[in-house]
């Protein structure tokens, strides 16, 4: 196919041609960035928490006023929850993933260090922490029963805090001790005394988004038994199909252990529900971006169809002459498709530059990551395909113009 | 003449139904997307306390120790209880209040109503006057009640309905955290957007249900909400007066820029004194921001909302380029008609105006449809789980803006095609007929 006649025709329709180019460029730039944002949101939604999510339920409870027996009552609560039919394990946490409230603390590698190496979240663990959440220990060991301390005793005035051991996540271990075995190493966080890493778990997300994506799994577990007024999160593991039943039984059990407490019904649900709600905003944003992308492609396609139809109409006579001179239908069809391909290519090239410019702007202002190069060919293929699809109908109409119209006066 | 142009535009629409419909839909989609996102942005970035936002100031001091100190960094976002109480005692502003969020339990005296938990605000006397809180019944409390650690409460209208079934409940007793409080005031509908006085909790959420004197809340060891940052050892009580923890918001009302400057000097002085006394370790680093500065600093509008605004504008831009192309096709297709009109004496200006009227008419149609789409879009926004969702409503200003944007956008889109159309030479068109 000879491109030169196409180019010379386009040069005579500079305005219309540059409008198509501009529209394709804008659409390409927006769509590349939008697709990137969608994939970023999807990554968030699909995040691995490290928990046996589909087996877990959470009951949140609080006392009416303060409770002098909170630690003892927590023991009783846990014992009765564990005795419920269908309950595999039960524990209590100061904070749970997928709820935006967390304990965070700076972590240093030695006592004299001025700036923290990282900020990690602190889970306070009770005996069945690892089993209940379904965490996977990849190095070291779990806490031994004699390591646990009641948080209430730990928090008393005059007691200097001492946390000899901790379990941390693999991601935190790699950040603190890159390339080394973290088990047996020490760090400084809550106290001026060193804390020794005794175990490493594969995954455990922090409750909040603090610190951004890289810090998602900077989590440490301290053997401090929380009481129920410290967040009030009873977490129970059961079979997926028994969750509703166990949830009801757990509420009744807790209520029976003292009517001077309130079960926070709206926060009492399965972990799947918690997760679903936690990611509602990114999910909605992904949907919105998706809808906008489709609408943009549609608008662009309609614009191309409109202008191409106009062109065909304008060149009816010219096409007739070419047909009369022996051009086949296929050649006419290819002419318009090549023309569109050329315009789309220019538009895509400009669009990519623009896509990078927009990405730079978003990176500077809204902490977005750099647009991976992969999105550019993807966007290009999408728009080339769209252009060919959009121009097909007008081009076919052009090809079907009979040679006779050239000889007929208009 | 204008009426004639409108008439011509209508005829042209009838002739090219598909093309016209396409343009109207394109403009409508662009306007709809743009106005939806703009309305959400407008609602979220507004002034929560107009008329007073430049007289209310948020205080920041830097009480931390030297560990983790980086010169030039922002001071802590909240103040310690010690500092808040000291500043409050010295009363150097027109009004001042310290506050923090909290969580309490309410045990209603009514039959069949189970105890429930509510959000609370522990604050001091000036809060209500300082923030222009509208009161349905009664009023706030005075500094005397603060000092006396009085068991008084101001409650929200919603809580008043729930516990007392509405009506004037001033003087009635309310059981909070197993202690009886006397209701002294009921707050009328009040929804400052964003809830500027505390950036730690839900920024667009509803008003707290219960307001209590800060001193009372500490007496009764009531649970607190929001962020707390500690350094050093708080010796078992992180909410104690001497705890090395920041967790309190401190607001001061200052009537003039001069008073604000003087207050800043006072804060610098205070900070210097604290360092001399050995309490502060870091170099003096204070901030005094008014409401809008404080909101800006906190980047109060969610990033997603800003991103959606840009996306809306980008979408409108694509729709406009699209419309420019289609208008061009439409006008040039009518080359012969324009040629005849020119030959019959229409000036270039007349052709230009006629084309712009046609473009404007498309804009009006697109605007009406776009308005419908933005109402639909806002309805969709209100279905979202975000706490600001229910605030997404179109006001009169936005409604007018929709039409202005639609018409301006379509006329702008019509400029180039109209300019091209007016250059049609009558002779060539007539000859080729």
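Key figures for this structure:
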read-out: Single match in A:71, A:8, A:39 (criterion: surrounded by fewer than 21 Cβ atoms within 10 Å (Cβ to Cβ), more than 12 Å from chain B (Cβ to nearest Cβ) and in contact with a strand residue (DSSP E or B) (Cβ under 6 Å, 6 or more places away or on another chain)); value: A:71
read-out: Unique residue being touching a residue at least 60 places away in the same chain (Cβ under 8 Å) and not in a loop (DSSP other than H, G, I, E, B) when the list is B:175, B:203, B:195; value: B:175
read-out: Flag for residue B:83 being more than 14 Å from chain A (Cβ to nearest Cβ) and on the phi > 0 side of the Ramachandran plot; value: no
read-out: Total residues in segment B:374-385, condition surrounded by 21 or more Cβ atoms within 10 Å (Cβ to Cβ) and within 11 Å of chain A (Cβ to nearest Cβ); value: 2
read-out: Among residues of segment A:77-119, those that are over 17 Å from residue B:67 (Cα atoms) and either buried (at least 19 other Cβ atoms within 10 Å of the Cβ) or within 11 Å of chain B (Cβ to nearest Cβ) (or both), counted; value: 18
read-out: Options B:119, B:132, B:54; residue that is away from chain A (no Cβ under 14 Å), surrounded by fewer than 22 Cβ atoms within 10 Å (Cβ to Cβ), farther than 24 Å from residue B:266 by Cβ and touching a residue at least 60 places away in the same chain (Cβ under 8 Å); value: B:132
read-out: Residue count, segment B:280-328 (criterion: touching a helix residue (DSSP H, G or I) at 6+ places or on another chain (Cβ under 7 Å), in a loop (DSSP other than H, G, I, E, B) and without any contact (Cβ under 8 Å) to a residue 60 or more places away in the chain); value: 0
read-out: Of residues in segment A:176-221 being surrounded by fewer than 19 Cβ atoms within 10 Å (Cβ to Cβ) and part of a helix (DSSP H, G or I), the one farthest from the chain's Cα centre (by Cα); value: A:214
read-out: Residue in segment B:239-254 that is on the phi > 0 side of the Ramachandran plot and in contact (Cβ under 8 Å) with a residue 60 or more places away in the chain present; value: no
read-out: Those residues of segment B:1-32 which are within 12 Å of another protein chain (Cβ to nearest Cβ) and without any contact (Cβ under 8 Å) to a residue 40 or more places away in the chain, in sequence order; value: B:18, B:21
read-out: Verdict on residue B:332 being assigned by TED's automatic domain parsing to the domain that holds residue B:35 and either at pLDDT below 90 or under 20 Å from residue B:57 (Cα atoms) (or both); value: yes
read-out: Flag if residue A:234 is touching a helix residue (DSSP H, G or I) at 6+ places or on another chain (Cβ under 6 Å), closer than 29 Å to residue A:144 by Cα and in the same structural domain as residue A:176 (by TED's automatic domain parsing); value: no
read-out: Test for residue B:122: is it farther than 23 Å from residue B:297 by Cβ and assigned to a strand (DSSP E or B); value: yes
read-out: Of residues in segment A:244-268 being touching a helix residue (DSSP H, G or I) at 6+ places or on another chain (Cβ under 7 Å) and in a helix (DSSP H, G or I), the one nearest to the other protein chains (Cβ to nearest Cβ); value: A:254
read-out: Odd one out for residue A:168 among (1) within 14 Å of another protein chain (Cβ to nearest Cβ); (2) not in a helix (DSSP H, G or I); value: (1)
read-out: Matching residues, segment A:126-183, being touching a residue at least 40 places away in the same chain (Cβ under 8 Å) and either at positive phi or not assigned by TED's automatic domain parsing to the domain that holds residue A:199 (or both); value: A:134, A:140
read-out: Qualifying residue in segment B:312-319 (condition: farther than 30 Å from residue B:203 by Cα, in the same structural domain as residue B:20 (by TED's automatic domain parsing), buried (at least 20 other Cβ atoms within 10 Å of the Cβ) and at pLDDT 90 or above); value: yes
read-out: Checklist (1) within 14 Å of another protein chain (Cβ to nearest Cβ); (2) surrounded by fewer than 18 Cβ atoms within 10 Å (Cβ to Cβ); (3) in a strand (DSSP E or B) applied to residue B:181, failing item; value: (2)
read-out: Checking residue B:64 against (1) within 14 Å of chain A (Cβ to nearest Cβ); (2) surrounded by fewer than 20 Cβ atoms within 10 Å (Cβ to Cβ); (3) outside any strand (DSSP E or B), the condition it does not meet; value: (2)
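Here is a yes/no grid of residues against (1) surrounded by fewer than 22 Cβ atoms within 10 Å (Cβ to Cβ); (2) within 12 Å of another protein chain (Cβ to nearest Cβ); (3) closer than 28 Å to residue A:248 by Cα:
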| position | (1), (2), (3) |
| --- | --- |
| A:35 | yes, no, no |
| A:47 | yes, no, no |
| A:50 | yes, no, yes |
| A:53 | yes, no, yes |
| A:58 | no, no, yes |
| A:63 | no, yes, yes |
| A:66 | yes, yes, yes |
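The values are calculated or read from the model by the stated rules, or taken from the named source; none is laboratory data. Remember, it's a predicted structure, so these values are computed and weren't measured experimentally. Positions of Cβ are generated from backbone atoms using ideal geometry, with glycine treated the same way; all protein chains shown enter the neighbour counts.
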